[in-house]
Structures are given as C-alpha cells and as structure tokens.
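The values are calculated or read from the model by the stated rules, or taken from the named source; none is laboratory data. None of the values given here were measured: they were computed from a predicted structure. Note: ideal-geometry Cβ built from the backbone for every residue, glycine included; neighbour counts use all protein chains shown.
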C-alpha cells in the first residue's frame with residue numbers, strides 16, 4: 001500500500017471499509033473505524049504464550065478483535081459490547097472474516113461479566129475518552145466517546161479481575177486523559193510496561209498515548225515515539241511500518 005494519509009482501509013463508502021484480510025461494515029455502529037483503533041491493534045505488545053486468550057472490551061465494529069486475530073493465528077478472542085446493534089454488526093463482521101471460529105462476541109456490560117474461569121493473557125480497549133465535556137444528543141455516541149457507561153475506574157477494575165499474572169492490558173487515550181489514567185491505574189497496582197507517544201506531525205505536540213499495563217512495576221519501561229504524517233500529509237516511514245500490514 002502507498003503511504004497515503006488514509007486513516008482507515010480502502011473505503012467503499014463511509015459505512016464499509018476493506019482491510020487486507022477482512023471487511024468492516026459499520027452502518028449500525030455509533031463509532032466508526034478510525035486510525036486510533038488500527039494503531040492500537042497494530043502496536044499493542046503480544047503475549048508470548050502459544051495459544052493466547054484475548055479480551056476486547058467495547059468491541060464496537062469488531063475491528064480490534066479482527067486485527068489481533070490476524071496478528072496471532074492461535075489466539076482465542078472474546079469481545080464484549082454494550083450496544084446491541086453494534087454487537088450484532090460486529091458478529092456479522094467476524095462471521096464474514098477468516099477468523100470466525102476464534103472470536104466470540106458478547107452483548108452486555110463488562111461490569112456484569114462474571115470472572116468464573118475466564119482469565120486473559122491480553123486485554124485491549126479503545127475506551128471512552130472523555131470524563132467531562134458537552135454530550136451530544138446521540139445516546140450511542142455518548143456511550144462510545146464519554147465515560148457514561150464505562151468509567152475509567154470500572155475499566156481498571158475489570159482489567160484487574162480478568163488479567164492473568166504476567167498478562168498485558170493495552171489502550172489508547174489523548175495525552176492528558178492517558179496521564180490521568182496512569183495515576184488511577186497505579187492505585188490499582190497496574191503499571192505501564194510499554195508506551196507509545198504519538199505526534200500528528202513533527203511540529204505538533206503529543207496528542208495520543210498508547211500504554212500497555214501489567215501487574216508488576218518495572219524500572220525499565222519501554223517508551224517509543226512516532227510521528228504520523230509528513231508535511232505533505234503522507235505517512236512517515238515509522239508510522240507506515242507499524243500499520244501497513246493491515247492495508248491493501
């Protein structure tokens with residue numbers, strides 16, 4: 001694929017995107033596929049176990065589950081989505097993909113999911129960003145973008161309940177929210193092990209931070225930095241190298 005500034009796959013129309021190995025339909029999802037989800041799915045550190053178990057919190061279109069199933073050919077993924085319409089569409093996207101036998105979509109709140117025998121080597125979430133601000137008049141979009149149904153505290157409590165010892169939890173947030181989240185996580189004995197700081201251009205400040213948390217604090221946290229776009233709005237080589245495996 002050329003290093004264009006496209007933030008998603010090959011667009012047929014705004015309700016459908018074609019990636020290299022699967023297609024995302026999203027006409028019934030409040031939050032559409034965007035560059036944040038693709039970057040998170042492409043970057044997040046993977047567990048070293050042979051048959052990893054993955055939990056996708058807030059599945060949306062199913063994009064993260066599909067990206068991770070592509071990256072790990074023996075992974076079993078369980079995805080939880082609170083919005084029924086989105087969950088149904090995510091299930092359809094999974095069914096039409098090469099990974100249908102390895103991804104399960106559940107409808108409901110992660111807060112209501114019982115631990116039982118469920119534990120995971122990797123947990124991933126493109127979470128609600130904003131804990132404040134003005135809400136829109138679209139309920140589904142508010143749930144997806146603001147911490148209306150899933151506070152960051154609830155998210156961390158779910159991670160602490162379901163993450164295996166030695167497992168990793170990865171997410172993406174705007175810079176200020178990411179730093180606040182890091183402080184909140186430390187209070188729950190979850191600590192950043194890998195960090196990616198993202199700047200849209202060389203002359204712009206960091207606007208996204210990706211973090212992978214673990215149960216144990218490490219003195220040597222891996223901090224990477226990447227710039228997304230060159231001045232001509234094409235991808236930088238570094239950004240292209242992270243995400244290109246998913247695009248046609």
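A few points about this structure:
- Boolean, residue 156 is in contact with a strand residue (DSSP E or B) (Cβ under 6 Å, 6 or more places away or on another chain) and either at pLDDT 95 or above or more than 27 Å from residue 183 (Cα to Cα) (or both): no
Residue-by-condition table, conditions (1) in contact with a helix residue (DSSP H, G or I) (Cβ under 9 Å, 6 or more places away or on another chain); (2) modelled with pLDDT under 90; (3) over 18 Å from residue 178 (Cα atoms); (4) surrounded by 15 or more Cβ atoms within 10 Å (Cβ to Cβ):
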position: 115; (1), (2), (3), (4): yes, yes, yes, no
position: 123; (1), (2), (3), (4): yes, no, no, yes
position: 126; (1), (2), (3), (4): yes, no, no, yes
position: 144; (1), (2), (3), (4): yes, yes, no, yes
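- Test: residue in region 49-58 that is surrounded by fewer than 15 Cβ atoms within 10 Å (Cβ to Cβ), modelled with pLDDT of 90 or more and out of contact with any strand residue (DSSP E or B) (no Cβ under 6 Å at 6 or more places or on another chain): yes
- Only one entry of 205, 174, 200 meets the criterion of being at pLDDT 95 or above, within 16 Å of the chain's Cα centre (by Cα) and surrounded by fewer than 18 Cβ atoms within 10 Å (Cβ to Cβ), and that entry is 174.
- Of the residues making up region 83-113, those that are surrounded by fewer than 21 Cβ atoms within 10 Å (Cβ to Cβ), touching a residue at least 40 places away in the same chain (Cβ under 8 Å) and more than 23 Å from residue 47 (Cβ to Cβ) are 85, 88, 92, 96, 109, 111.
- Single condition residue 248 does not satisfy, out of (1) at pLDDT below 95; (2) within 19 Å of residue 71 (Cβ to Cβ); (3) surrounded by 13 or more Cβ atoms within 10 Å (Cβ to Cβ): (3)
- Total residues in region 149-202 satisfying the condition of being over 26 Å from residue 48 (Cβ atoms) and in a strand (DSSP E or B): the figure is 2.
- Matching residues, region 32-59, being touching a residue at least 60 places away in the same chain (Cβ under 8 Å), in a loop (DSSP other than H, G, I, E, B) and under 10 Å from the mean Cα position of the chain (by Cα): 44, 58
- Among the conditions (1) in a strand (DSSP E or B); (2) closer than 24 Å to residue 215 by Cβ, residue 24 misses just one, which is (2).
- Some residue of region 65-74 being under 24 Å from residue 177 (Cα atoms) and at pLDDT 95 or above: yes
- Residue that is nearest to residue 164 (Cα to Cα) [pool: residues in region 212-226 that are exposed (fewer than 12 other Cβ atoms within 10 Å of the Cβ) and modelled with pLDDT under 75]: 218
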